[in-house]
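*Asks:* Sharing a structure, written as C-alpha cells. Questions coming.
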Amino acid sequence: YGVLGVILGGRLGYVLFYKPGDYLADPLAILRVWEGGMAFHGGFLGVVVAMALFARRHGLHFLQVTDFIAPLVPLGLAAGRIGNFINGELWGRVTRPDAPWAMVFPQASAEDTRQALMAPTPEWLTWLASYGGLPRHPSQLYQFALEGVMLFVLLWGFSARPRPLGQVSALFLLGYGVARFVAEFAREPDNFLGLLALNLSMGQWLSLPMMLAGAWLWQRAARQG
C-alpha cells in the first residue's frame with residue numbers, strides 16, 4: 001500500500017504542483033517516470049490515501065495506522081536525502097566562498113556558469129575556474145539531518161509512551177512541515193519556478209498546509225484525551 005501510494009502520489013503531485021501546463025500539453029509524459037519528476041508532498045498525499053484504504057480494509061481507525069507508521073517515515077526520508085546527495089541533485093543555494101560547508105555540484109555547472117556571468121565577482125569566477133562551479137549549500141544533508149535524524153528521534157521518543165489518538169501523526173505533520181520550511185531557505189528553488197509570493201519556494205508553500213493540519217490535529221487529539 002505504501003509503495004503504491006508514494007510512487008503514484010509522488011508522480012501525480014509533481015505533475016499537478018510543479019508542471020501542470022507541460023503535462024497537459026503532453027499527457028503521455030506523465031508515464032515517463034525515468035525522466036525524473038517526483039514530489040514529496042504528492043507522495044505524502046498518496047500514502048495518506050493508501051493508509052485510509054488499508055485501515056478500511058482491516059477495520060482499523062485511520063489514525064491508528066498513521067500513528068503507528070509516522071515514527072518510521074523519517075528513516076525513509078533520510079535515505080532519500082542521502083540518495084539526493086550522492087546523485088548530486090536538489091542542490092543548495094549559492095553560499096559564501098569561505099564557508100566550511102561550501103560544495104560544488106557538477107550537475108549545477110550550467111546554472112553556475114550563467115549566474116557567474118550575470119553577476120561576475122572575483123570569488124565566484126575563481127571558484128568557477130578552479131572547481132567548475134559555484135560554492136553551494138549541501139541542502140540535501142541539511143534535510144537529512146532535520147527531516148531524517150532529528151524528526152526520527154523526536155517521534156520515536158514521543159511515541160514511546162501512550163499518546164492521544166492522532167497526536168503522533170500530528171507531531172509528524174508539524175515536525176516535517178517546520179523542518180522542510182527551514183531547510184528550503186538553503187535549497188535552490190526549481191529553475192522553472194523560482195521563488196513565489198513572499199519570496200517563498202513551492203516546497204515552503206506546500207509545507208504550510210501540513211503545519212496547519214498538524215496544529216489542528218494536535219489540538220483535536222488533546223481535547224479528546
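*Asks:* Between LEU16 and VAL149, what is 0.36 nm times their sequence separation minus the Cα-Cα distance? Round to one decimal in nm.
*Replies:* Additional length available on full extension: 44.9 nm.
*Asks:* So, one more: Percent relative contact order of the chain, based on C-alpha pairs within less than 8 angstrom and at least six residues apart?
*Replies:* Relative contact order for the chain comes out at 19 percent.
*Asks:* Next question, about the same structure. Relative to the longest principal axis of the chain, what angle (0 to 90°, nearest 10) does the C-alpha long axis of helix 73-87 take?
*Replies:* Tilt relative to the chain: about 20 degrees.
*Asks:* Based on Cα coordinates alone, diagonalise the gyration tensor for region 1-60, multiply each eigenvalue by 5, take square roots, and list the semi-axes in whole Å, largest first.
*Replies:* Numbers: eigenvalues 130, 19, 16 Å².
The answer is 25, 10, 9 Å, longest axis first.
*Asks:* Which of the listed residues, LEU53, GLY43, LEU8, is farthest toward the dipole's positive end in region 1-60, when Lys, Arg count +1 and Asp, Glu count -1 at the beta-carbon?
*Replies:* LEU53
*Asks:* Using the Karplus curve 6.51 cos²θ - 1.76 cosθ + 1.60 with θ = phi - 60°, work out ³J(HN,Hα) for each residue of region 41-47 in order, rounded to whole Hz, and write x for Gly and Pro.
*Replies:* 5, x, x, 4, 5, x, 5
*Asks:* Which FRET efficiency value, to the nearest 0.05, is calculated for SER130 and TRP34 with the Förster distance at 35 angstrom and r the Cβ-Cβ distance?
*Replies:* For R0 = 35 Å, the calculated efficiency reads 0.55.
*Asks:* Need one number: nm distance between label points at TYR1 and PHE158, each 7 Å from Cα along Cα→Cβ, rounded to one decimal.
*Replies:* 2.2
*Asks:* Which one of ILE69, ALA108, GLY203 has its Cα pushed farthest toward the positive end of the charge dipole of the chain, where Lys and Arg give +1 and Asp and Glu give -1 at the Cβ?
*Replies:* The residue sitting farthest along the positive end of the dipole is ILE69.
*Asks:* Charges at C-beta only: +1 for Lys and Arg, -1 for Asp and Glu. How large is the resulting dipole of the chain about its Cα centre, in Debye rounded to 20? Before the final figure, lay out the partial values.
*Replies:* Values: 16 positive and 13 negative charges, 183 e Å.
Here the size comes out at about 880 debye.
*Asks:* Got a sec? Which residues in region 157-190 would a label at ALA215 touch, if it sits 7 Å along Cα→Cβ and we count backbone N under 20 Å?
*Replies:* In region 157-190, the label zone of ALA215 (backbone N under 20 Å from the point 7 Å along Cα→Cβ) covers 166-185.
*Asks:* For SER201, what charge total do you get from the other residues with a beta carbon under 11 Å from its beta carbon, if Lys and Arg give +1 and Asp and Glu give -1?
*Replies:* Once all neighbours under 11 Å are counted, the net charge is 0.
*Asks:* Rank-order 40-46, 128-134 by packing density, defined as the average count of other C-beta atoms within 10 Å over each peptide's residues, highest first. Spell out each step's value before the answer.
*Replies:* Numbers: 40-46: 21.7, 128-134: 16.6.
Per-residue mean Cβ counts within 10 Å order the peptides as 40-46, 128-134.
*Asks:* Now a separate question. From the phi angles alone, apply the Karplus equation (6.51, -1.76, 1.60; θ = phi - 60°) to region 205-218 and give each ³J(HN,Hα) in whole Hz, x where the residue is Gly or Pro.
*Replies:* Ordered by residue, 3J(HN,Hα) equals 5, 6, 7, 4, x, 5, 5, 5, 5, x, 5, 5, 5, 4 Hz.
*Asks:* Would you mind checking the radius of gyration and Dmax of the chain based on alpha-carbon positions, in Å?
*Replies:* Expressed in Å, the Cα Rg and Dmax of the chain come to 19.5, 65.
*Asks:* If you count, for each residue, the other Cβ atoms within 10 Å and average over each peptide, how do 206-214, 91-99, 9-17 line up from highest to lowest?
*Replies:* 9-17, 206-214, 91-99
*Asks:* Hey, can you rank 30-36, 64-70 by average C-beta count inside 10 Å, highest first?
*Replies:* Result, highest mean Cβ count within 10 Å first: 64-70, 30-36.
Where a number appears in this text, it was derived from the coordinates with a stated rule and is not lab data. All values derive from a computational prediction rather than experimental measurement. Counting neighbours? That spans all protein chains shown, and the Cβs are built from the backbone with ideal geometry, glycine included.
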